[in-house]
Amino acid sequence: MSGSAYTPVLRAHGLRKEYGKGDGLVRAVDGVDLEIGEGETVAIMGPSGCGKSTLLHLLGGLDRPSAGEVSLNGRRIDDVSEKDLARMRRTDVGFVFQSFHLMEELTAVENVELSALLAGRSPRAARRRAEELLERVGLAGRTRFLPSALSGGQRQRVAVARALSNEPKVVLADEPTGNLDSAATLDVLQLFEDLHESGQTLVIVTHDPRIAATADRMFSMRDGALVDETRLTGGTTGGLGALIGLED
Amino acid sequence: MIGRLLLVCRLAVRDLRRRRTETALLLLAVMAATTTLTLGLVLRDAAGDPYRSTREATHGPDVIAGAGRPAPLSDLQKLAGVTDHSGPYPVAAAKFQASGRTSDVQAVGRDSAAASVDQPALTEGSWVSDDGVVVEAAFAGAFGVRVGDPVTLDGRSFEVVGVAVSAAMAPYPSGSCLVAQGCINGPMSADTPEGLLQNPGLVWLTQKDVRSLDPDHLTYVTNLKLADPDDAQTFVDAHRSGGTRLQSWQSVLEDATELAKDSQILLMIGAWLLGLLAVAGLSVLVGGRMADQHRRVGLLKAVGGTPGLVAAVLLAEYVLVAVLATAAGLTAGTLAAPLLTESSAGLLGAASPPPMTLSTIVLVTAVALGVAVAATIVPAVRAARVSTVAALADSPRPPRRVGSLIALSARLPVPLLLAVRVAARRPRRVALGVLSIAITVSGIYVLLVLNAFLTSQPLAGGYGDAQVEVLRRVLLAWTVLLLSLAAINAVVITWTTVLDNRHASALTRALGASPRQVSTAMAAAQVLPALAGAVLGVFPGGFALFAAINTITGGDSGRATLPAPWQLLTLVLATVLVVAALTAVPARLGARRPVTETLQGW
């Protein structure tokens, strides 16, 4: 955590998500309590299928819980209408997905500006903001490239820029380096480190300890529940990258 | 070879059974076209039955001859090949009045005794007697005249003693002209020469009564039987002269089935429109289905299937459907044909299902296969060419990028922004949607014109009330099939778009678009092409189709009342509203799918 004053931006209490019935009942998320402060970077780790992604979707209002509460910026989001959830996702949350999820027919800058256009910004303002963000993630020279012409790391940087488009309260990243090679992973790590430095609240779901090591706090998840919490000192990606062998 | 054939058939049948709804839609679409085409091809044969029954019951003539004097007709009776005759009988033009209504008629003077050739068959009452008139059945029906009713001919009183049918002339109002002054069907205009009989009916009197009507202007008619009735037209061609008018029984049959001919033309054009609609609908359905079958194609190739085999399997599915649709269409069309023929009071007996001819079977099969192959060939070849690795990876065909539309859409409200982008991703599908609506609206435009024509001036087309009813039935069948197929197309196109845009829609929702915005966009993506299709369907579509029908039928478009601007505007707006309503359900269903489910499955 970067600041001393602890303000919860995201809060979950008794959060549960169940699928199926009777013998087939599966608890993907099982009684999670969690508070994430402003500017904090939190990593959630665990093996595949432990419920990390489901938890992230619940925190970001992409999915509705079976029980429990989720609050974003002090406001409950588990019992609001679909329309209000959509509005909240538009302004308060940015998502970064493992498989990038870029629109194949849109250029990098068109992908990034899409969130701003959905939020009702003028086309000019949306384009200006998108170009700024692409410059910030190091893709100033590739704004007119289609996703198919970009490398995996570059695509993920476009996705990060898109997530930041509407200056969200929190960025939720689901295995952001899961589909990347080492060099691209380093790029993205650096980007998240920059976001952390700038005070952006981040929740990163990963099963990669190298990514988790960049966080302020790290939660371990097993069978849908948070079983362990570790406070980390944090560190720059550069130093960490060298430490964990991502750099020569 | 046989093993490969079996494999292709087995895979095709299994896949069709796995997707029953789509298979049923495919079958319905092709069947609509094959049924209409069959109807168009067999209708005339079906309509000919009542005339043949009447000809048999009345000892109908093979040739009917008319002249200003009896002498040339008596000469015809002596020619080689003529085996029997009746007449010459005198014919007079007269004004017929009954129940306050007036019409021109041709009155034929007959003997009280039965004739060996053309003895009209009574459907009511008795044969001619002095001061007793027998009225042709279709004319009696149109005028509401029954046995015992008092009528006047040129002001002289008669009693209706009988109602009869004859094969010597087509039933009212399609009858031929026997009088010297000539006849006209339809309304008189300023250019029409005076003295013509307008839509004349036919009555029979005694010869004495006819001669008393207008003794100075009589014409004569005789009925001839030939040794070979099939030679009637040759006989007519050989003995036609300036003063003698001859008509073969085949020509009377043509006149008697004129309505069926008009219905046939309408049905054939309807069949083409439905065929085109089927191609448009099938192309979308097949295209969407191919996207789903990507992985299956990869598996086939991975186990050694050649591109040819892959294409054959895909084509075989649709060829099978086409064959089924052909069989169903041929059966349904043949059975329905009698329902669309006139049950005219002017002829005896009812139409029956016509025999199936080889040419009909071949043509209907060819059209069904043509529709199936036209809709399938592009996706099948594309699937055959795709690399095995790409197919196994199940990567969908990348969407098209239309930069100008993407830039333009950025300035639009969110639902329209998304709608334009959804449409721009698959331009071919949009074009098929536009085509589908344009064809439908063109058809409706023509229906409006024909309906207005039948309402305002049926006699101009030579139609009586019963015939108008039949044509309306044909138009109704047309409308129902056209609208059904267009509705199926609209739903299929929307659903295929929804499936194709699952990922884009889920992503858009993850970025903050509400389900309503996404479903509105999905529906709007269909409504915008529908608007373009509706406008194009009116102009040039409707105008061109109507002009084509006039060219084929030799009709006079000047007599038709074209739809008023408000009707056209209503047609366009109604089309857009109906498409919006039809697409709303699949669009909403698509937007209900959870975002996470879609994104995780990608």
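Taken over the stretch B:501-524, the residue count meeting the criterion of being within 14 Å of chain A (Cβ to nearest Cβ), assigned to a helix (DSSP H, G or I) and not basic (K, R) is 13. Residue pairs whose Cβ atoms lie under 7 Å apart, separated by 6 or more positions or on different chains, with the first residue in the stretch B:541-567 and under 9 Å from B:V449 (Cβ atoms) and the second of a type in the set (S, T, N, Q) and at pLDDT 80 or above, are B:G542/B:S442.
Right, B:D262: loosely packed, with under 15 Cβ neighbours inside 10 Å and under 30 Å from B:L545 (Cβ atoms) or not? Answer is no for this residue. Could you check how many residues of the stretch B:473-500 are buried (at least 24 other Cβ atoms within 10 Å of the Cβ) and either within 14 Å of chain A (Cβ to nearest Cβ) or touching a Phe, Trp or Tyr at 6+ places or on another chain (Cβ under 8 Å) (or both)? Qualifying residue count for the region: 0.
Output yes when any residue across the stretch A:144-156 is closer than 21 Å to B:L507 by Cα, within 11 Å of chain B (Cβ to nearest Cβ), charged (D, E, K, R) and surrounded by 17 or more Cβ atoms within 10 Å (Cβ to Cβ), and no when none is. No.
To keep it simple, each residue is scored yes or no on (1) in the same structural domain as B:V321 (by TED's automatic domain parsing); (2) under 11 Å from B:V42 (Cβ atoms); (3) crowded, with 17+ Cβ neighbours inside 10 Å; (4) modelled with pLDDT of 70 or more.
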| residue | (1), (2), (3), (4) |
| --- | --- |
| B:T334 | yes, yes, yes, yes |
| B:E342 | yes, no, yes, no |
| B:A350 | yes, no, no, no |
| B:T357 | yes, yes, no, yes |
| B:V362 | yes, no, no, yes |
| B:V373 | yes, no, no, yes |
| B:P379 | yes, no, yes, yes |
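For the stretch A:30-45, the tally of residues that are within 12 Å of A:V227 (Cα to Cα) and either surrounded by fewer than 24 Cβ atoms within 10 Å (Cβ to Cβ) or within 12 Å of chain B (Cβ to nearest Cβ) (or both) stands at 5. Taken together, B:D45, B:D84 contain a single residue that is in contact (Cβ under 8 Å) with a residue 12 or more places away in the chain, under 24 Å from B:Q264 (Cα atoms) and surrounded by fewer than 24 Cβ atoms within 10 Å (Cβ to Cβ), which is B:D45. Residue-level check: of (1) out of contact with any Gly (no Cβ under 8 Å at 6 or more places or on another chain); (2) within 11 Å of chain B (Cβ to nearest Cβ); (3) touching a residue at least 60 places away in the same chain (Cβ under 8 Å), A:D63 misses just (3).
Out of curiosity, is B:L246 outside the structural domain of B:V313 (by TED's automatic domain parsing) and at pLDDT 80 or above? Taking the combined requirement at face value, the residue satisfies it.
Taking every residue in the stretch B:419-434 that is more than 23 Å from B:V538 (Cβ to Cβ) and pairing it with any residue that is modelled with pLDDT of 90 or more and outside any helix (DSSP H, G or I), at least 6 positions away or on another chain, the pairs with Cβ-Cβ distances below 8 Å are B:V420/B:L412.
Of everything in the stretch B:100-140, what is aliphatic (A, V, I, L, M) and outside any strand (DSSP E or B)? Give them in sequence order.
Residues satisfying the conditions are B:A113, B:A114, B:A115, B:V117, B:V128, B:A137, B:A138, B:A140.
Of all residues in the stretch B:287-324, those that are part of a helix (DSSP H, G or I), among the β-branched types (V, I, T) and over 27 Å from the mean Cα position of the chain (by Cα) total 3.
For the stretch B:226-242, give me the residue count where each residue is in contact with a strand residue (DSSP E or B) (Cβ under 7 Å, 6 or more places away or on another chain) and in contact (Cβ under 8 Å) with a residue 40 or more places away in the chain.
Total meeting the criteria: 6.
Restricting B:P70, B:P61 to those that are under 17 Å from B:R110 (Cβ atoms), crowded, with 24+ Cβ neighbours inside 10 Å, touching a residue at least 40 places away in the same chain (Cβ under 8 Å) and not hydrophobic (A, V, I, L, M, F, W, C) reduces the list to B:P61.
Scanning the stretch A:91-132 for residues that are acidic (D, E) and more than 9 Å from every other protein chain (Cβ to nearest Cβ) yields A:D92, A:E131, A:E132. One residue alone among B:T570, B:T575 is buried (at least 22 other Cβ atoms within 10 Å of the Cβ), at pLDDT 85 or above and either more than 20 Å from B:T598 (Cβ to Cβ) or among the basic types (K, R) (or both), and that residue is B:T575.
Tallying residues that are modelled with pLDDT under 80, crowded, with 16+ Cβ neighbours inside 10 Å and at negative phi within the stretch B:185-207 yields 1.
The values are calculated or read from the model by the stated rules, or taken from the named source; none is laboratory data. Values in this document were obtained by computation on a predicted structure and should not be read as measured data. As a convention, Cβ positions derive from the backbone with ideal geometry for all residues, glycine included, and neighbour counts pool all protein chains shown.
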